[in-house]
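The next block holds one structure in the form of structure tokens; read it before the comments.
All of the numbers you see were taken from the coordinates with simple rules; none came from a lab. Everything numeric in this text was worked out from a predicted model, so none of it was measured. Note that we place each Cβ from the backbone using ideal geometry, even for glycine, and neighbour counts take in every protein chain shown.
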Amino acid sequence: MKAPVRVAVTGAAGNIGYALLFRIASGEMLGKDQPVILQLLEIDNEKAQAALKGVVMELEDCAFPLLAGVVTTADPLVAFKDVDVALLVGARPRGPGMERKDLLLENAKIFTVQGKALNAVAKRDVKVLVVGNPANTNAYIAMKSAPDLDPKNFTAMLRLDHNRALSQLSAKTGKAVDSFEKFTVWGNHSPTMYPDYRFATTGGASVAELINDQEWNANTFIPTVGKRGAAIIAARGLSSAASAANAAIDHVHDWVLGSNGKWVTMGVPSDGSYGIPEGVVFGFPVITENGKYTIVKDLPIDDFSKKYIDITLGELEEERAGVADLL
Ligand code: NAX
């Protein structure tokens, strides 16, 4: 039996947490032979801590053979102690009348504290995935607050956008959703993201040639993927939870266990590729192997794509400027 891996989940009593914890404990994220210890963080509030206790009771009632322990806490220093993987899901939601700038600042406080705590007590090779919005900028703040950890340990979730786009491409072409290769989403996890199928293939054939409809790309595909989160809120009255949890599982699974040569999308600190300033946490095509990701390099960026990439980068630069004083 392998030694247990410690996985921290913040916002563990929330909607995504409820869709996520059971799948981690059943081995879907790290493998069916990998025991896990869950270290669950919630806010220091009676209702949230009580809800968290209820979730833990349900975890116990599943009798998962791979669940080697559960810790619950309101203290990030306890939650992140010796963790191998940290899923930062909890964040401050936008309240009524709250400006975007206020939302950014409220979350900046949370992710500064959590970044510092990771810096102090997490394993040195901890893999951090930020799900809580604004995910890219929150990941950037956590990374900047953890100077002793490799910036490469910090990532943001664009996998939900990636998966949403694959499903749209499958519906358009009639090809199986897992037949697509070399697809990516560039930029921010926000409606400005740029889903890009110019390089994508299905069964070896070019997806762009198969679709051959730039009007559909610009006026249907890109906006449908970009506004999918809002469409789900409008339909369900709640934001995506099961699909977000699924994407988090996919992201960490591939980061730890490898993508077998396939491109996946991760929000990662830029190394300067594609003219994206170093450090900006940006959605890139990556290939993962042996617990590391590598940005796919030297793809041609045409004028159409540059326009979209500039817009999503501009938004991220604005967010970064909005929190600069805190870092
Ligand atoms: P919920 O409001 O259901 O749950 C969030 C939980 O986090 C709550 O239980 C809250 O008490 C807790 N929390 C808040 N601040 C915390 C802190 N400082 N430490 C620990 N816990 C804290 O939201 P849920 O639907 O689970 O969504 C969580 C986050 O994911 C939101 O920010 C949401 O916007 C974001 N999303 C990100 C997505 C992505 O693709 N990156 C997609 C789905 C989702 O919209």
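At a glance:
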{"item": "Segment 82-191, relative contact order [Cα under 8 Å, separation at least 6], %", "result": "26"}
{"item": "Overall dimensions of segment 5-156 by Cα: Rg and Dmax, Å", "result": "14.9, 48"}
{"item": "All-pairs alpha carbon distance profile, the chain, 10 Å steps from 0, percent", "result": "6, 27, 36, 23, 8, 1"}
{"item": "Among 60, 181, 42: highest mean-square fluctuation, GNM of the chain, C-alpha pairs under 10 Å", "result": "60"}
{"item": "FRET efficiency, residue 257 to residue 306 (Cβ-Cβ, R0 35 Å, nearest 0.05)", "result": "0.55"}
{"item": "Helix-only [θ]222 nm of the chain, DSSP H runs n ≥ 4, -39500 (n - 2.57) each, per residue, nearest 500", "result": "-13000 deg cm²/dmol"}
{"item": "Amide H contacts of residue 184 (H built 1.01 Å from N, under 5 Å, at least 5 apart or other chain)", "result": "196"}
{"item": "Relative contact order, percent, the chain [alpha-carbon distance under 8 Å, six or more residues apart]", "result": "17"}
{"item": "Formal net charge of residues neighbouring residue 294 (Cβ-Cβ distance under 12 Å; K, R +1; D, E -1)", "result": "+1"}
{"item": "Cut-off under 5 Å, modelled amide H: who pairs with residue 130 long-range", "result": "88, 155, 156, 157"}
{"item": "The chain: most fluctuating residue of 32, 182, 81 per GNM, C-alpha cutoff 10 Å", "result": "32"}
